[in-house]
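What follows is a short report on a single structure.
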Amino acid sequence: MEKEMIQVEKLNKSFGDLHVLKDIDLTVYESEVVCLIGASGSGKSTLLRCLNFLEKRDNGKVILEGQEIKKDTHDINEVRQKVGMVFQHFHLFPHKTVLGNVIEAPLMVKKMNKEKATQLGRELLKKVGLEDKEKVYPSKLSGGQKQRVAIARALAMEPDIMLFDEPTSALDPELVGEVLETMKQLALEGKTMVVVTHEMGFAREVADSIVYMHEGRIVERGTPDEFFENPKEERTKEFLMSTS
Ligand code: ADP
Ligand code: MG
């Protein structure tokens with residue numbers, strides 16, 4: 001794990017008077033899986049959104065694969081091709097089939113030809129275990145299947161980095177496992193991932209590194225063993241007590 005995929009330096013973000021991200025420094029290396037955890041309201045989603053330029057930071061640096069992304073960059077489409085994102089709620093297009101959903105961005109944004117996009121779409125549906133659902137409409141799918149389509153759709157832009165914002169939080173408990181399994185497969189294939197999650201079992205098993213946020217700051221970062229077995233900060237200990 002050598003190459004730096006994401007470098008964040010002294011990033012700050014406020015909404016009005018509310019200072020949500022405070023001097024965030026974060027480096028994510030190639031093929032690394034970083035799980036971002038912390039209480040609700042600690043700034044996890046805002047941090048992911050700043051990485052994907054869904055949200056504009058106030059100051060600080062964001063460097064993606066060695067390229068500094070200026071705060072006022074207008075070419076956010078280029079950024080979004082490097083960085084895919086999966087949300088808690090999977091807004092699939094209801095009037096498109098599963099395959100149609102997956103190939104929409106390659107066709108429209110990447111201008112890929114239909115044949116190539118279809119081939120890619122089928123490969124990705126296979127990867128998420130839904131190769132038999134390509135002609136089905138989203139309304140016929142379970143929540144876990146929809147989320148796996150959303151993952152395939154994000155992968156269809158062939159991003160080097162994948163961001164996940166609580167991808168299993170909206171799912172019925174019995175559907176959580178299949179989505180985590182899909183994410184684990186991606187991790188094993190070497191995808192660089194930043195995952196906001198409350199699934200401590202997943203974090204422990206799959207993450208290379210755990211980042212704990214509290215009130216807009218990164219309080220602690222460590223390997224799962226260090227973090228769960230031997231947290232250094234009082235804040236982290238309190239958090240772990242509250243979740244166990
Ligand atoms: P988390 O994902 O850790 O729960 P968020 O990043 O969603 O935290 O939110 C951090 C803080 O920023 C919260 O207090 C939230 O209410 C506030 N916040 C998030 N988005 C906005 C917004 N668009 N406008 C105003 N406040 C926001
Ligand atoms: Mg959030």
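Under a Cβ-only charge scheme (Lys and Arg +1, Asp and Glu -1), can you give me the dipole magnitude of the range 131-244 about the Cα centre, in debye to the nearest 20?
It comes to approximately 340 debye.
Starting from the Cα gyration tensor of the range 10-93, take the square roots of the eigenvalues, sort them a ≥ b ≥ c, and report rounded, prolate or oblate (rounded when a/c is under 1.5, otherwise prolate if a/b is larger than b/c, else oblate). Please report the intermediate quantities before stating the final value.
On the way: a/c = 1.24, a/b = 1.08, b/c = 1.16.
It comes out rounded by the Cα gyration axes.
What is the local net charge at VAL20, summed over the other residues whose Cβ is closer than 14 Å to its Cβ (Lys, Arg +1; Asp, Glu -1)?
Its environment carries a net charge of +2.
With unit charges on the beta carbons (Lys and Arg positive, Asp and Glu negative) and the dipole taken about the Cα centre of the range 107-200, which residue among MET200, PRO159, THR182 sits farthest to the positive side?
In the range 107-200, that residue is PRO159.
Taking each pair of distinct Cα atoms in the range 43-181 once, what is the resulting Kirkwood hydrodynamic radius in Å?
Details: mean 1/r = 0.0633 Å⁻¹.
Kirkwood radius, the range 43-181: 15.8 Å.
Within the set of other residues whose C-beta is less than 15 Å from the C-beta of LEU48, count the net charge using Lys and Arg as +1 and Asp and Glu as -1.
Here the count lands on +4.
Relative to the Cα centre, what is the charge dipole magnitude of the chain, using +1 at the beta carbon of each Lys and Arg, -1 at the beta carbon of each Asp and Glu, and rounding to the nearest 20 debye?
Roughly 1060 debye, rounded to the nearest 20.
Only bridges whose two residues both fall in the chain count here: according to DSSP, what percent of them are antiparallel, nearest 5? Provide the component values of the computation, followed by the final result.
Details: 20 of 37 bridges.
The antiparallel proportion sits near 55 percent.
For the chain, go through all pairs of different Cα atoms, get the mean of 1/r, take its inverse, and jot down that Kirkwood value in Å. Write out the running numbers ahead of the final one.
Working: mean 1/r = 0.0539 Å⁻¹.
Radius from the Kirkwood sum: 18.5 Å.
Using only helices, what value at 222 nm comes out for the chain when you add -39,500 (n - 2.57) per DSSP H run of length 4 or more and divide by the total residues, to the nearest 500 deg cm²/dmol?
-11000 deg cm²/dmol
Would you be so kind as to identify which of ASN12, GLN81, GLY216 lies farthest towards the positive end of the dipole of the chain, taking Lys and Arg as +1 and Asp and Glu as -1 on Cβ and the Cα centre as origin?
So the residue furthest toward the plus end is GLN81.
Report, in listed order, any pair from LYS22/LYS146; LYS56/LYS114; LYS114/LYS135 with a Cα-Cα distance greater than 24 Å.
Where the Cα-Cα span goes over 24 Å, the pairs concerned are LYS22/LYS146; LYS56/LYS114.
Just so you know, all these numbers are worked out from the coordinates, no wet-lab data involved. Because the structure is predicted, anything quoted here is derived from the model rather than measured. Note that each Cβ is placed from the backbone with ideal geometry, even for glycine, and that neighbours are counted across all protein chains shown.
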